[in-house]
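**Student:** First the structure, then my questions, so here it is.
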Amino acid sequence: MDFELFSFDTEIESTNTKTTSRKIKIQEKLKTKLYLQKQKAKEVLPELPSQNECHFIIANGTFDYFTLIPIAIDLLGGVVEDFYFSTWTMNEANVQALLKLFDDKKILKISALVGLYFKQREAAVFNNLYEGLKQRGQKIFSNENHSKVTLLKSKNNYINICGSANFTSNPRIEQFTIHNNKDLYEFNKVWMDEVIK
């Protein structure tokens, strides 16, 4: 189903408060696609949004969030220059898949923000991620984080995946929005860099 969400000229507003909370307001003409399917991830994500387009996905628990990552990388031509992610927790399969994507040069740079819950409750998995990224010269930081944001940059594509799900698998309904928007990408990259540093 396609429908128009906005029909305004581009207007960007970003606000930084004393508590470092931020907001971004983007008003532009977006071609929006809504997917509500019971199929696996490749059927739900047959293509990425074009520039200034947004896809909405409601998943029914038949795939996990991380499953979208290699699919998105393939749709971007097989290589992403920058890969940022923020999640509350991960599992060992996610960690090994992520490190393999880096080792296979499908991801050239990783910046990771994870939750303290992950570090405390899944210490062995966290340590594998931490050591794996540090050995590869990549960035990782753990704090009171519950946000779920993934950024993928490839040439002129600036993919932002935001949603309710952690990278791990779960049997619940989850929602995702996938934007291809440089301003939103830069907004998310700035706050993530500040936290990770």
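**Student:** Considering only residues of region 97-123 that are at pLDDT below 95 and part of a helix (DSSP H, G or I), which is nearest to the chain's Cα centre (by Cα)?
**Tutor:** Across region 97-123, the extreme among qualifying residues is A97.
**Student:** Among the residues of region 153-184, which ones are touching a Leu at 6+ places or on another chain (Cβ under 8 Å), under 15 Å from H55 (Cα atoms) and hydroxyl-bearing (S, T, Y)?
**Tutor:** Result: Y158, single match.
**Student:** While we're looking at this one, here's another question. On the basis of being surrounded by fewer than 14 Cβ atoms within 10 Å (Cβ to Cβ), of a type in the set (K, R) and either closer than 19 Å to N127 by Cβ or in contact with a Pro (Cβ under 9 Å, 6 or more places away or on another chain) (or both), does K106 make the cut?
**Tutor:** Working: surrounded by fewer than 14 Cβ atoms within 10 Å (Cβ to Cβ): no; of a type in the set (K, R): yes; either closer than 19 Å to N127 by Cβ or in contact with a Pro (Cβ under 9 Å, 6 or more places away or on another chain) (or both): yes.
Answer is no for this residue.
**Student:** Can you go through K109, K119 and tell me which one is touching a Phe, Trp or Tyr at 6+ places or on another chain (Cβ under 7 Å) and free of Cβ contacts under 8 Å to residues at least 24 places away in the same chain?
**Tutor:** Selected residue: K119, the only one of K109, K119 that is touching a Phe, Trp or Tyr at 6+ places or on another chain (Cβ under 7 Å) and free of Cβ contacts under 8 Å to residues at least 24 places away in the same chain.
**Student:** Kindly check whether there is at least one residue in region 64-83 that is of a type in the set (F, W, Y), surrounded by 15 or more Cβ atoms within 10 Å (Cβ to Cβ), under 15 Å from L133 (Cβ atoms) and within 15 Å of the chain's Cα centre (by Cα).
**Tutor:** Yes, that holds for at least one residue.
**Student:** Sort through L129, L133 and tell me the only one that's in a helix (DSSP H, G or I) and buried (at least 20 other Cβ atoms within 10 Å of the Cβ).
**Tutor:** One residue alone meets the criteria, L129.
**Student:** Read through the list (1) among the hydroxyl-bearing types (S, T, Y); (2) surrounded by 16 or more Cβ atoms within 10 Å (Cβ to Cβ); (3) part of a loop (DSSP other than H, G, I, E, B), then give the number of the only condition that T150 fails.
**Tutor:** Of (1) among the hydroxyl-bearing types (S, T, Y); (2) surrounded by 16 or more Cβ atoms within 10 Å (Cβ to Cβ); (3) part of a loop (DSSP other than H, G, I, E, B), only one is false for T150: (3).
**Student:** Only residues that are in a strand (DSSP E or B) and of a type outside the set (K, R): list them for region 153-173, please.
**Tutor:** S154, N157, Y158, I159, N160, I161, C162, G163
**Student:** Right, something else. For T177, are the conditions met, namely being in contact with a helix residue (DSSP H, G or I) (Cβ under 9 Å, 6 or more places away or on another chain), β-branched (V, I, T) and outside any loop (DSSP other than H, G, I, E, B)?
**Tutor:** Taking the combined requirement at face value, the residue does not satisfy it.
**Student:** Among the residues of region 136-147, which ones are in a loop (DSSP other than H, G, I, E, B) and buried (at least 16 other Cβ atoms within 10 Å of the Cβ)?
**Tutor:** Passing the criteria: Q138, N145.
**Student:** Pairs please, first residue from region 56-77 and closer than 9 Å to A41 by Cα, second anywhere and small (G, A, S) and assigned to a helix (DSSP H, G or I), Cβ atoms under 7 Å, 6+ apart in sequence or on different chains.
**Tutor:** F63/A41; T67/A41; L68/A41; I71/A41
**Student:** Okay, next question. Scan region 161-178 and give yes if some residue there is over 13 Å from Y65 (Cα atoms) and among the aliphatic types (A, V, I, L, M), otherwise no.
**Tutor:** Looking for residues that are over 13 Å from Y65 (Cα atoms) and among the aliphatic types (A, V, I, L, M), one finds none in region 161-178, hence no.
**Student:** Okay, moving on. Go through region 138-197 and give me each residue that's closer than 13 Å to F85 by Cα and small (G, A, S).
**Tutor:** S142, S147, G163, A165
**Student:** Please go through region 84-93 and pick out each residue that is more than 9 Å from the chain's Cα centre (by Cα) and either within 28 Å of E194 (Cβ to Cβ) or not aliphatic (A, V, I, L, M) (or both).
**Tutor:** Result: W88, T89, M90, N91, E92.
The values are calculated or read from the model by the stated rules, or taken from the named source; none is laboratory data. Every value quoted in this text rests on a predicted model; they were computed, and no experiment measured them. No Cβ is skipped: glycine too gets one built from the backbone with ideal geometry, and neighbour counts run over all protein chains shown.
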